Amino acid sequence: MNPMNSRSLHPRKIRAFTLVEVISVVIIASGIAGLATPKFIAQYKQVKNQEASSTLLTLFDAQQDYKRRTGNFANSITSLGVEIQPSKHFNTPVVNNTTTITHGTVTEVYLAKVTTKDNSYDLSIVQDGKIYCTSTTSSCTKMGYLDASPPPTTPVCGDRSCEVGETCTSCAADCGSCAPVCGNGAKEGSEQCDDGASNGQPNKCNSTCSGTTLSVCGNGSVEAGENCDDGASNGQPTKCNPSCSGITAAICGNAVVEAGEQCDDGNVVTTDSCTSSCKTAICGDGSIKSGVEQCDDGALNGQPNRCNASCSGTTSAVCGNSIIETGEQCDDGNTVNTDACTSSCQNARCGDGVIRAGSEQCEDGNTTNGDGCSSTCQTEPAACGNGRLETIAGEQCDDGNRVDGDACTNACQSARCGDGVIRTGSTEQCDDGNTVNTDACTNACQSARCGDGIIRAGSEQCDDGNTTNGDSCSSTCQNEPAVCGNSRVEVGEQCDDGNTVNTDACTSSCQTARCGDGIIRAGSEQCDDGNATSGDGCSSSCAIEPPVCGNSRVEAGEQCDDGNTVATDACTGLCQTARCGDSVVRTGSEECDDGNTVDTDSCTASCHNARCGDGIVQSGSEQCDDANTINTDSCTNSCRNVLCGDGLCSELSGETFITCNQDCPLFPCNHNGRCDNGEGWLGCPDDCTTVTCGQPPPGY
């Protein structure tokens, strides 16, 4: 038997797990489950509470909107119109506006409540907008909600809850506005006014703070609603009247000029210089002033047939005003000249020279028959050639014949150029029946030709009135190139004065000179900068303007102009180049500037502050200056000459103990810890203490 087949007939034995192995697997699985279960439970609770909180906030927003619309909170979800989806985490939410919830020591109406299905706690949202947990279990606050049992925290104004410690005075935003108190001097709530202790007095707030106390006429004080108040004088002329509404009327004729009067001559005569209403008599007041005015119709002065504006007579009639006035025969309300009433308001008639519409055919200013217009103003038959000018028939002339080539045509019209008839014995060379000047026959009835000064359309480009070549228009009336300076204004030229001088009224390019062309015109322009803008040194009329320092243009009298008026830069505020000695300290380069270049005063000729050691002897303060600060040469570091007895031993100037024992001791010692020149071990052991064997002491 094949060994391979033998193996296939005997199945392989599977080793069984031992009890220890099984127990180990169970323990490991339990451990993993024990680690995962708390985390899963926490995540579940978090999802449950987040969903409950979200639902509460949705209901809270809906309650606030409902309150804005109705004035109250809703008592059911149905009233809110909000659709809440079923949840596996909590029971159906409820809303209320009567049931309360206590948080701390404050009791408020809850607006919405959600009870979780495991009944571990309730979540409620009240008017302050916060979510509270009403259960006493600790799991509620662990989820981050407010516990209803702890004492209240410090109230926060503006959290929409009137809490303990908050009043209408301290927090109107949460507790509402306080009721107004009339008489405390502050205008509050519905009060119209509040004058405190003055309430009830005239012109002050009344006792109910609802308005102003009425004024008292006659107390001498102008109060609200009064125009005046003269106290006991009320009612007297020119004083306040008894109702305090105005001034008592003056009495005209008492010889006293009072308020509202222009004059008072002690009478009420209307025709003198002061009228009966005590007004100065004038033309237009309706009263005729004796000896001065001829008439006075008051406001009607100046109108037709009324007194004129100067009261010296009657105004002339006005034709066309529908009123028949002096000098008029009729007035039909218009100035039409061809109706029954003419424009001069006279009755229309035959022979008045005006053709009356609808009744007259002609009007020749007379009533004579046989002149083309009859005595009844009807047109008479015209006869051209009868030697009688019949204008009504349209005749311009009538020379007693029907010859067409003389001065009067056979239609009795005055012969003229353009009538299509060449007049015999006249100057007409042609007559083409029109007055077009640019065709073959001019409007003077002359045959068109080159040199007649008229450009003939279609054949001539120019016509300068001659047939000379070289003057820009050739002998065949064709354009020639323009030549400036030939005294002829040609194509492209504005002028030509016969020269090419550039500074007269016509420039060298034959253009009219103008301000702003960049050319200074002799005798009329002071400048010309190529524009007509003022304020740039040359005005819009090409007159030189005063220079302006700081405009970035170097103008007359300026050495520079850097676009500013800073005095301390390279170009001064007067547009002069900055220099030492100009009395202005230039920033960055000068220490001083005293307005001169004297080198021996406190400011040197290079505008630096004078100092000892600069090599310049300053007058009055220095005796010398050797350009250094060495104190032991002939000039001290205070620029004083070395003198025996000045306390300085100047070895460089020859002072020694022998020549000046006052300044130079025999054994000098500076006591500075250094063995200086002149010091030695004998005279200054403090500084020179080092002694080398076989060598003399220092300074010995």
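The values are calculated or read from the model by the stated rules, or taken from the named source; none is laboratory data. Keep in mind that what you see is a predicted model, and the values were worked out from it rather than measured. All Cβ positions, even for glycine, are placed from backbone atoms using ideal geometry, and neighbour counts span all protein chains on display. Areas reflect the complete protein model, heavy atoms only, side chains present, ligands, DNA and RNA absent. Shrake-Rupley method; radii C 1.70, N 1.55, O 1.52, S 1.80 Å.
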Discussion item. Can you report the number of residues in the stretch 273-289 which are small (G, A, S) and open to solvent by 80 Å² or more (accessible area, probe 1.4 Å)?
Written reply: 0
Practice prompt. Please state which of the following conditions A232 fails to meet, knowing it meets all the rest: (1) closer than 25 Å to E261 by Cβ; (2) open to solvent by less than 60 Å² (accessible area, probe 1.4 Å); (3) of a type in the set (A, V, I, L, M, F, W, C).
Written response: (2)
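If a residue must be at pLDDT 85 or above and farther than 17 Å from T342 by Cβ, how many such residues does the stretch 374-383 contain?
Our first condition is that a residue be at pLDDT 85 or above; within the stretch 374-383, this holds for 374-378.
Now drop any that are not farther than 17 Å from T342 by Cβ, which leaves 374-376, 378.
Adding up the residues that qualify gives 4.
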Practice prompt. With the condition kept exactly as written, say whether any residue in the stretch 248-259 is under 30 Å from G189 (Cβ atoms) and among the aliphatic types (A, V, I, L, M).
Written response: no
Discussion item. Anything in the stretch 400-419 that is crowded, with 16+ Cβ neighbours inside 10 Å and in contact with a strand residue (DSSP E or B) (Cβ under 7 Å, 6 or more places away or on another chain)? List them, or say none.
Written reply: C408, A415
Discussion item. Can you tell me how many residues within the stretch 336-354 are surrounded by 16 or more Cβ atoms within 10 Å (Cβ to Cβ) and more than 21 Å from T367 (Cβ to Cβ)?
Written reply: 1
Discussion item. Quick check on N206: is it modelled with pLDDT of 75 or more, open to solvent by less than 70 Å² (accessible area, probe 1.4 Å), closer than 30 Å to A224 by Cα and polar (S, T, N, Q)?
Written reply: yes
Discussion item. So, in the stretch 641-695, exactly how many residues are open to solvent by 80 Å² or more (accessible area, probe 1.4 Å), at pLDDT 70 or above and either under 27 Å from G613 (Cβ atoms) or among the basic types (K, R) (or both)?
Written reply: 4
Response to the item:
Only unsatisfied item for Y44, checking (1) at pLDDT 70 or above; (2) part of a helix (DSSP H, G or I); (3) open to solvent by 60 Å² or more (accessible area, probe 1.4 Å), is (1)
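Is it the case, given these coordinates, that A578 is buried (at least 16 other Cβ atoms within 10 Å of the Cβ), without any contact (Cβ under 8 Å) to a residue 12 or more places away in the chain and out of contact with any helix residue (DSSP H, G or I) (no Cβ under 8 Å at 6 or more places or on another chain)?
Details: buried (at least 16 other Cβ atoms within 10 Å of the Cβ): yes; without any contact (Cβ under 8 Å) to a residue 12 or more places away in the chain: yes; out of contact with any helix residue (DSSP H, G or I) (no Cβ under 8 Å at 6 or more places or on another chain): yes.
So A578 fits the description; yes.
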Worksheet item: So which pairs qualify, if the first residue must be in the stretch 213-233 and modelled with pLDDT of 85 or more, the second must be among the β-branched types (V, I, T), the Cβ gap must be under 8 Å, and the two must be at least 6 apart or on different chains?
Response: C228/V222; C228/I247; D229/V222
Worksheet entry | Test for G327: is it open to solvent by 40 Å² or more (accessible area, probe 1.4 Å), assigned to a loop (DSSP other than H, G, I, E, B) and farther than 24 Å from Q378 by Cα | yes
Discussion item. All but one of (1) open to solvent by 60 Å² or more (accessible area, probe 1.4 Å); (2) under 13 Å from V114 (Cβ atoms); (3) modelled with pLDDT of 75 or more hold for T78; state the number of the condition that does not hold.
Written reply: (2)
Discussion item. Looking for something open to solvent by less than 40 Å² (accessible area, probe 1.4 Å), polar (S, T, N, Q), part of a loop (DSSP other than H, G, I, E, B) and without any contact (Cβ under 8 Å) to a residue 24 or more places away in the chain - is there at least one such residue anywhere in the stretch 251-272?
Written reply: no
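Out of the stretch 551-575, which residues are in contact (Cβ under 8 Å) with a residue 24 or more places away in the chain and surrounded by fewer than 17 Cβ atoms within 10 Å (Cβ to Cβ)? Reasoning before the result, please.
Quick first cut of the stretch 551-575, residues in contact (Cβ under 8 Å) with a residue 24 or more places away in the chain only: 573-575.
If the condition is that a residue be in contact (Cβ under 8 Å) with a residue 24 or more places away in the chain and surrounded by fewer than 17 Cβ atoms within 10 Å (Cβ to Cβ), then G573, L574 are the ones that fit.
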Fill in: Residue under evaluation I392, criteria (1) surrounded by fewer than 14 Cβ atoms within 10 Å (Cβ to Cβ); (2) hydrophobic (A, V, I, L, M, F, W, C); (3) under 30 Å from N410 (Cβ atoms), criterion not met
(1)
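For (1) surrounded by 14 or more Cβ atoms within 10 Å (Cβ to Cβ); (2) closer than 30 Å to E655 by Cα, each residue gets a yes or a no:
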residue	(1), (2)
C603	yes, no
R611	yes, yes
G620	no, yes
A627	no, yes
D633	yes, yes
Item to complete: Residue by residue through the stretch 194-233, note down the ones that are within 30 Å of I247 (Cβ to Cβ), among the hydrophobic types (A, V, I, L, M, F, W, C) and either part of a loop (DSSP other than H, G, I, E, B) or under 49 Å from the mean Cα position of the chain (by Cα) (or both).
Response: C205, L214, V216, C217, V222, A224, C228
Worksheet item: In the stretch 506-517, how many are open to solvent by 40 Å² or more (accessible area, probe 1.4 Å) and either out of contact with any Ser or Thr (no Cβ under 7 Å at 6 or more places or on another chain) or of a type in the set (D, E) (or both)?
Response: 5
Worksheet item: Restricting the search to the stretch 274-330, which residues are within 23 Å of T342 (Cβ to Cβ) and acidic (D, E)?
Response: E325, E328
Item to complete: Kindly list, by first and then second residue, each pair from a residue in the stretch 483-497 that is at positive phi and free of Cβ contacts under 8 Å to residues at least 40 places away in the same chain to a residue that is exposed (fewer than 15 other Cβ atoms within 10 Å of the Cβ) and assigned to a loop (DSSP other than H, G, I, E, B), limited to pairs with Cβ atoms under 7 Å and residues at least 6 apart or on different chains.
Response: G485/G498; G485/N499; G485/T500; S487/G498
Worksheet, complete the sentence: By residue number, the members of the stretch 384-439 that are in contact (Cβ under 8 Å) with a residue 24 or more places away in the chain and not in a loop (DSSP other than H, G, I, E, B) are T391, I392
